[in-house]
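What follows is a single structure, written as structure tokens, with notes after it.
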Amino acid sequence: MSVSIKEVNTREDLKTFIYLPEKIHKNHKNWLHPLYMDDEKFFDKDKNSLFKHNEAVLFLAFENGKAVGRIMGVIPTDYNKFHGKNDSRFSFFECFENKEVFNVLITAVENWAKSKNCTEIIGPMAFSDKEPQGFLTKGFEEKAMLVTNHSFPFMVDFIKENHYGNFVDLVQYDVPITAQILNRYKNFNERVSKNLKIKTVEFTSTKAVKPYVKPVFDLINKTYTEIYGFTKLTEDEMTEFAERFLPLLNPKLIKMITNENGELLAFIIAMADLSEAIKNSRGRILPFGWARILWAMKTSKRLQLLLGAIHPNYQNKGLDAVLATMLFGSALKLGFKTVDSHLIMKDNLKMRGEIEKLEGFNLYKEYCIFRKNLVVG
């Protein structure tokens, strides 16, 4: 039988869409389950405010009555208005190694995008850079980290056969955390703090972090505009993002810098690598997932960078070194041995250069976001 496409419109279809990847990756030892409680909220159009000001569609592919693939199409309305674009995107693309299934799914999203007068399609990327991006192109043998794609090699082959070209390349590093980092920047950090008259802010409780949530996201909105795919966060999105991640964060791994008036100038946020706990729980919080995650928060030896920003008026003045020293100092005390950089644009040579100054760095994964022009009509 041929492959058929169905738009997700029912709760049953949505459940199939969310849980299908674990069937596709059943024998994929390095794949990481998502947190399904999070996914169930993310893909619910009534609960996720991103659906209110972006157009989106979810498709499932069926063969012989069995779900064999899925894809999400997005039109980033705010991004398009700000940049004068007519872009569309595809994301959360999963299928078995079946070229026909792949082609039917990507064609369905392309046709949907054309019907909305889009002239270009880009992906994998969803609403913004805060969801998993790109197909994996290097590091297939490595374990997946939270909020990253761990796709099969055939996905890259199939997308290229559909006339997509490379658009944005991303890299991911793993770096040992050692006292060398602290010693290297100690004197420099003291000079920066004195000359700029800055104040460092550290935390021991989540309650103390909460007053800084809005200033953090306001600073992100000021500084992330040059990152491809970024759209300014609304207050609803700020709240949702904070609710999503604050329970997973150790406040001792959140560092901030303010001026003398208490205005936020820079911050960095990291979290313990929870991937093994999530994998062992198969993405389920209940009944025992929370216990595993809480244990991993206390015992994990690997740190994962999550977010960071520096006010435009204070960039290239050493605040990044101050933040890194504060963070890695706390990380060493907490027993962390390595840090994962999360995704960095490959052409961000400044940030990559700072990482590659550190002894023992390992560029262990690469990803690619692809692009294709659409002929509308």
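The values are calculated or read from the model by the stated rules, or taken from the named source; none is laboratory data. Because the structure is a prediction, the values reported are computed rather than measured. Here the Cβ positions follow ideal geometry from the backbone for every residue, glycine too, while neighbour counts run over all protein chains shown. For accessibility, only protein heavy atoms count, side chains too; no ligands or nucleic acids. Shrake-Rupley method; radii C 1.70, N 1.55, O 1.52, S 1.80 Å.
List of remarks:
- Nearest-20 debye value, the chain charge dipole, Cβ charges on Lys, Arg, Asp, Glu: 1020
- Kirkwood hydrodynamic radius of region 45-108, from inverse mean 1/r over distinct Cα pairs, in Å: 13.0
- Separation of alpha-carbon centers, region 212-230 and region 42-120, rounded to whole Å: 25
- Listed residues ILE75, ASN48, GLY123: farthest to the positive end of the dipole of region 17-142 (Cβ charges): ILE75
- Electrostatic dipole magnitude of region 94-146 [Cβ: Lys, Arg +1; Asp, Glu -1; Cα centre; debye, to 20]: 160
- Ranking of ASP320, ASP174, ASP13 by solvent-accessible surface, largest first: ASP320, ASP174, ASP13 (1.4 Å probe, protein heavy atoms only, all chains present).
- Sorting 129-137, 207-215 by average packing, meaning the other beta carbons within 10 Å per residue, from highest down gives 129-137, 207-215.
- Selection from TRP112, TRP31, ILE369, by position along the positive dipole direction of the chain (Cβ): TRP31
- Dimensionless Rg over Rh [region 276-338; C-alpha; Kirkwood]: 1.15
- Simple spin-label estimate for ASN187 and LYS99 gives 6.2 nm between the two label positions (7 Å along the Cα-to-Cβ direction from each Cα).
- Helix 319-333 axis, angle to the chain major axis (alpha carbon atoms, nearest 10°): 90
- Considering the chain at the alpha-carbon level, its Rg and Dmax are found to be 21.2, 72 Å.
- Within the accessible area of the chain (1.4 Å probe), percent carbon and sulfur: 51
- Translational diffusion coefficient (Stokes-Einstein; Kirkwood radius from C-alpha pairs) of region 75-229 at 37 °C, 0.692 mPa s, in µm²/s: 169
- Fraction of antiparallel bridges per DSSP, the chain only, in percent to nearest 5: 90
- Here the Debye sum runs over all C-alpha atoms of region 273-377 as equal scatterers in vacuum, and log10 of I(q)/I(0) at q = 0.20 Å⁻¹ comes out as -1.16.
- Farthest towards the positive end of the charge dipole of the chain, among the residues GLY353, LEU274, ASN187, is the Cα of ASN187, using unit charges on the Cβ of Lys, Arg, Asp and Glu.
- Assigned charges on the beta-carbon of Lys, Arg, Asp, Glu; region 246-377 dipole about Cα centre (debye): 560
- Zone of GLU120's modelled label, taken as backbone nitrogen in region 50-87 under 19 Å from a point 7 Å along Cα→Cβ: 55, 73-87
- Counting every pair of alpha carbons in region 12-147, the share spaced more than 25 Å apart comes to 26 percent.
- Solvent exposure of ARG244, expressed as accessible area, is near 60 Å², computed with a probe of 1.4 Å over the protein chains only.
- Against the chain, whose longest principal axis is taken from its Cα atoms, helix 289-299 shows a tilt of about 30°.
- Accessible area per residue in Å² at 1.4 Å probe, computed on region 19-170: 41
- Helix 11-24 and the longest principal axis of the C-alpha atoms of the chain enclose an angle of approximately 70°.
- At 1.002 mPa s and 20 °C, Stokes D of region 203-246 from Kirkwood alpha-carbon radius, µm² per second: 190
- Once you divide the Cα radius of gyration of region 133-204 by 2.2 N^0.38 Å, the number left is 1.83.
- Across all directions, the average projected area of the convex hull around the alpha carbons of region 221-262 is 4.5 nm².
- √(5λ) per eigenvalue of the Cα gyration tensor, region 148-299, largest first, Å: 31, 23, 19
- Considering only region 265-377, percent of DSSP beta bridges that pair antiparallel, nearest 5: 70
- The tail of the calculated P(r) for region 220-315 beyond 23 Å holds 38 percent of all Cα-Cα pairs.
- Listed cross-link partners LYS23/LYS301; LYS29/LYS114; LYS279/LYS317 are compared with a 32 Å cut-off, the Cα-Cα value being larger for LYS29/LYS114; LYS279/LYS317.
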